Amino acid sequence: MKTYSHRNFLVEIKLLRHTVPDFAVYPFSIPSIYTLDTLRFDKPVTFLVGENGSGKSTLIEAIAILMGFNAEGGSRNFRFATAQAHAELHRHLRPTRSFRRMTDGFFLRAESYFNVASEIDRLDEDPYGPKIKASYGGRSLHQQSHGESFFALLEHRLNGQGLYIMDEPEAALSPTRQLAMLGRMHALVQNGAQLLIATHSPILMAYPDADIILMGEGAPHIIPYEETEHYLITRRFLTHTETMLRQLLDSNDDTS
């Protein structure tokens, strides 16, 4: 199996278990965090997958903060804050970085992308501040749909040679746009990027030669694409639509 850790910016993270004050307290009580030891990133693209509440977004946020990004998203130069709701997991993680120097990077959080767009407008309107709107296509992200503004970020702001951390980017994208994102991801990888993505999208996680790490009841571990619940349920629904709908709706009628 090919490995790419020599070209990745972030090679692995380790939970410093001896520094955790109490594994019975959130977020350390989440099973996938409770059992975490060392997590390697051997491919240019790594997906974190799992059910809601499995800890994937919590871990993604912690890694982003650990690597110098703003907790609410943006580049490593963004320092705004609208809330102090992030967990303290990052204080108990130790990263292993490669010798490569990051010349770019971005942390995308679907739930706080609005705040990032507002900060971009604020910086651009400040007569003494940096003019950065051009890096996002030259048009306010607030003047576009959620999907359009996200694609403006993909197409104009991200250029490779950096670490891109994304939390559920599919929230803004139609299936067609998700397919287009696969192409953009590949272009970034070809230009030396490393991507770490938490997702529910079976379209995005189909990216070839990526590692898919399952966050569940046990320790985080790599799982084949065809064994993910996202793939299995989507495939079953599309190939047995009427049967599954009948089962679901009949079951709902029985409980009403």
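Each value in this text was obtained by applying a stated rule to the coordinates, not by laboratory testing. Computed from a predicted model, the values in this text were never measured in an experiment. Every residue, glycine as well, gets a Cβ built from its backbone with ideal geometry; the counts of neighbours run over all protein chains shown.
Observations
- Approximating the spin labels as points 7 Å out from Cα along Cα→Cβ, the ARG236-to-ASP22 distance works out to 3.9 nm.
- FRET efficiency for ALA180 and ASN159, using Cβ-Cβ distance with R0 set to 22 Å, rounded to 0.05: 0.80
- For ILE212, nonlocal amide neighbours, meaning residues 5 or more places apart or on other chains whose placed amide H falls under 5 Å from its own, are PHE47, ILE223.
- By average C-beta atoms within 10 angstrom, highest first, the peptides 166-177, 10-21: 166-177, 10-21
- Taking packing as the residue-averaged number of other Cβ atoms within 10 angstrom, the listed peptides 213-223, 38-48 run from highest to lowest as 38-48, 213-223.
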